[in-house]
Amino acid sequence: LYICKLLCEHHNGYLKIENTATGANAIVQANVKERTYELLKGHDLVQKILGQKGKIDDVMERLPTAFAAQEEREKYREFLDFDTLTERLRNTNSVSIEFMGVNGEWRLARFIVKSRDAHGNAVDVLYVARDITEEKSRELMYQKRLKASMEDAHRANLSKTAFLRRMSHDIRTPLNGIVGMIHIAEKYKNDVDKLRECRQKALQSTDYLQKLINNVLDISKLESGSLMLEYKSFDLVELLNNNMTVV
């Protein structure tokens, strides 16, 4: 109740910190100028290291080793540095850090300004730490899923780009056939047989082009799994001859 009352007496932004304080694993009140502290709440290990009261400099080096994982200790040590704390709190009422503990748990630590001197420098502060393993696990899982989704989308885009690149190349083949037959027909305006052959090949190329375009339009059906195969009879010889014409 003391902590809640203290936080609510300050800036409205502290209301957000109220739950952090009430669910805290450790609460320490410290004087930045005198570099002294008093433990208000803490589990057995915190009480063993800090005791009830003491000098900050006497325990500072023990805290990172006792509470932070190896790869997090330097970051946590910088956060606890009282030589820079006044400057870090100059334009804000709190600073915080998330770090992994020695047993793989996650903690949120926060310095909260309790009082300032006439020059606006933080004098009395609260150090509040709580376990956020459950919240952090959800966050990391969400980030993992989000990353996997982004990678899947990236792979899908690459596949689609590669597919469209190949399709654009394939579409040029019948298009060239159509244009080519028109040019040939222009040269043989009086040759009925040649004109018939050009029209036939142009129509075959047009039919082939139309089927390619339909395949492109069916991409969405392929992605959604709604594309249905059709079983029907066809003339294999005619199919091969038409393909040979395009080739």
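Just a few scattered comments:
- Matching residues, segment 39-49, being among the charged types (D, E, K, R) and open to solvent by less than 60 Å² (accessible area, probe 1.4 Å): none
- Looking across 230, 223, one residue alone is under 27 Å from residue 164 (Cβ atoms), open to solvent by 100 Å² or more (accessible area, probe 1.4 Å) and outside any helix (DSSP H, G or I). It is 230.
- Qualifying residue in segment 151-171 (condition: within 30 Å of residue 106 (Cα to Cα) and out of contact with any His (no Cβ under 7 Å at 6 or more places or on another chain)): yes
- When 97, 112 are checked against the criterion of being in contact (Cβ under 8 Å) with a residue 40 or more places away in the chain, in a strand (DSSP E or B), surrounded by 15 or more Cβ atoms within 10 Å (Cβ to Cβ) and not acidic (Asp, Glu), a single residue qualifies: 112.
- Inside segment 188-220, residues that are under 53 Å from the mean Cα position of the chain (by Cα) and either outside any helix (DSSP H, G or I) or more than 28 Å from residue 165 (Cα to Cα) (or both) make up a count of 1.
- Residue satisfying all of: in segment 81-94; in a loop (DSSP other than H, G, I, E, B) and free of Cβ contacts under 8 Å to residues at least 60 places away in the same chain; surrounded by the fewest Cβ atoms within 10 Å (Cβ to Cβ) among these: 91
- Hey, residue 212 open to solvent by less than 100 Å² (accessible area, probe 1.4 Å) and under 12 Å from residue 246 (Cβ atoms) or not: yes
- Residue match in segment 61-75 (condition: modelled with pLDDT under 90, under 23 Å from residue 132 (Cα atoms) and part of a strand (DSSP E or B)): no
- Pairing each residue of segment 223-236 that is at negative phi with any residue that is modelled with pLDDT of 85 or more and open to solvent by 100 Å² or more (accessible area, probe 1.4 Å), provided the two are 6+ apart or on different chains, yields no C-beta distance under 6 Å.
- Qualifying positions in segment 147-200 - polar (S, T, N, Q) and either open to solvent by 100 Å² or more (accessible area, probe 1.4 Å) or touching a Leu at 6+ places or on another chain (Cβ under 9 Å) (or both): 173, 176, 190, 200
Residue by residue, here is whether (1) within 31 Å of the chain's Cα centre (by Cα); (2) among the acidic types (Asp, Glu); (3) over 10 Å from residue 128 (Cβ atoms); (4) modelled with pLDDT of 90 or more holds:
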| position | (1), (2), (3), (4) |
| --- | --- |
| 2 | no, no, yes, no |
| 13 | yes, no, yes, no |
| 19 | yes, no, yes, no |
| 24 | yes, no, no, no |
| 28 | no, no, no, yes |
| 34 | no, yes, yes, yes |
| 38 | no, yes, yes, yes |
| 44 | no, yes, yes, no |
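- Positions within segment 115-146 being of a type in the set (Phe, Trp, Tyr) and open to solvent by 40 Å² or more (accessible area, probe 1.4 Å), in sequence order: 142
The values are calculated or read from the model by the stated rules, or taken from the named source; none is laboratory data. Bear in mind that the values here come from a model prediction, so they are computed numbers and not experimental data. We place every Cβ from the backbone using ideal geometry, glycine too, and count neighbours over all the protein chains shown. To get the accessible areas, we keep the full protein, side chains included, count just its heavy atoms, and leave off ligands, DNA and RNA. Shrake-Rupley method; radii C 1.70, N 1.55, O 1.52, S 1.80 Å.
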